[in-house]
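Here the structure is laid out as structure tokens; the discussion comes afterwards.
The values are calculated or read from the model by the stated rules, or taken from the named source; none is laboratory data. Here the structure is a predicted model, which means the values were calculated and not measured. Cβ placement follows ideal geometry from the backbone for every residue including glycine, while neighbour counts extend to all protein chains displayed. Ligands, DNA and RNA are excluded from the accessible area calculation, which covers all protein heavy atoms including side chains. Shrake-Rupley method; radii C 1.70, N 1.55, O 1.52, S 1.80 Å.
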Amino acid sequence: MATLGIDIGGSGVKGAPIDTVRGELLAERYRVPTPQPSDVTSVVEAVAEVAGQFDDFDRVGITFPGVVVDGVTRTAANVDKSWLDAPAAKLFGERLGKPVTVLNDADAAGVAEVAFGAGRDQRGLIMMLTFGTGIGSALFLDGVLIPNTELGHLELDGKDAELRASDRAREVEEMSWEKWAGRVEAYLRHVEMLLSPRLFIIGGGVSKKSDRFFPLIDIRTPMVPATLLNNAGCIGAAVTAEQASGDLGAIQTNAATASR
Ligand code: BGC
């Protein structure tokens with residue numbers, strides 16, 4: 001039976017059954033708008049609506065746009081504050097009647113990119129950054145996820161970096177690509193100074209337009225766009241759910257690649 005991957009984003013809750021060996025969707029994904037306000041009860045119902053479109057799945061992986069430790073959501077920067085310290089895995093599990101794994105959205109996207117996409121077969125320290133409503137980060141050492149890094153909240157020009165350099169900031173402030181790329185470059189330079197990764201994988205919806213801003217960014221670290229785009233969250237969530245065995249502290253994404 002398949003594993004369902006569900007991605008809770010700023011504008012939509014999307015899900016599909018996933019082939020976790022190939023890193024592909026087994027059916028077209030189903031999407032509902034993210035409820036506003038995005039409180040716990042409403043989002044659990046939205047996830048149930050998405051899951052209700054599919055049958056024949058025996059477990060579910062769900063992404064969340066905040067810190068998730070042992071199935072409990074610890075932060076809620078871009079969602080309703082009712083998610084602070086919510087027992088998310090338990091709530092989703094009870095509603096769906098299946099075992100559920102919950103993890104950070106950028107971590108999930110990174111798991112998918114490292115196993116099947118732009119970070120495949122890369123050793124050393126790799127950093128995935130997603131530029132969307134916020135800035136998400138996922139750090140991998142030799143394919144193993146170090147979860148909940150939250151580097152989108154580093155300080156940039158005296159402010160929370162995601163308020164200056166997320167794709168939403170670009171849209172809200174109607175920035176030119178040049179201006180926004182300047183902020184992204186300052187942010188990436190800060191991250192490379194702190195961590196010296198071997199590779200940046202740039203994800204989020206804006207990565208589809210990488211030709212507009214990659215040439216404007218001058219940093220030392222090689223930088224590539226994500227390849228799985230909108231599906232990375234669902235795929236990474238499903239892979240993680242399948243690998244879950246009680247302890248989600250370290251996720252060996254190489255295992256998924258190696259077993260193919
Ligand atoms: C949250 C992160 C999340 C990122 C992208 C940030 O505001 O703190 O947990 O990964 O947005 O959604």
Review point. Are any of the residues in segment 198-216 within 15 Å of the ligand (Cβ to nearest atom), within 21 Å of residue 102 (Cβ to Cβ) and assigned to a strand (DSSP E or B)?
Key: yes
Review point. When residues of segment 44-70 are filtered for being buried (at least 18 other Cβ atoms within 10 Å of the Cβ) and either among the hydroxyl-bearing types (Ser, Thr, Tyr) or without any contact (Cβ under 8 Å) to a residue 40 or more places away in the chain (or both), how many remain?
Key: 3
Study note, to complete from the structure: By residue number, the members of segment 217-229 that are under 21 Å from residue 120 (Cα atoms) and outside any strand (DSSP E or B) are 220, 221, 222, 226, 227, 228, 229
Review point. Is there a residue being closer than 19 Å to residue 240 by Cα, away from the ligand (no atom under 16 Å from the Cβ) and charged (D, E, K, R) anywhere in segment 36-55?
Key: no
Check your understanding: Name the pairs whose Cβ atoms lie under 8 Å apart, with the first residue in segment 191-217 and closer than 23 Å to residue 145 by Cβ, the second more than 16 Å from the ligand (Cβ to nearest atom) and open to solvent by 60 Å² or more (accessible area, probe 1.4 Å), and 6 or more positions between them or separate chains?
Key -> 192/220; 198/122; 198/123; 198/222; 199/122; 199/222; 200/222
Revision key, fill the gap. Only unsatisfied item for residue 82, checking (1) part of a loop (DSSP other than H, G, I, E, B); (2) in the same structural domain as residue 55 (by TED's automatic domain parsing); (3) under 30 Å from residue 173 (Cα atoms), is (1)
Check your understanding: Can you find even one residue in segment 143-158 that is in contact with a Leu (Cβ under 9 Å, 6 or more places away or on another chain), among the polar types (S, T, N, Q) and outside any loop (DSSP other than H, G, I, E, B)?
Key -> no
Review point. Is one or more of the residues making up segment 62-70 over 17 Å from the mean Cα position of the chain (by Cα), at pLDDT 95 or above, farther than 16 Å from residue 234 by Cα and within 14 Å of the ligand (Cβ to nearest atom)?
Key: no
Check your understanding: Is it the case that some residue within segment 99-118 is more than 15 Å from the ligand (Cβ to nearest atom), of a type outside the set (Val, Ile, Thr) and over 25 Å from residue 209 (Cβ atoms)?
Key -> yes
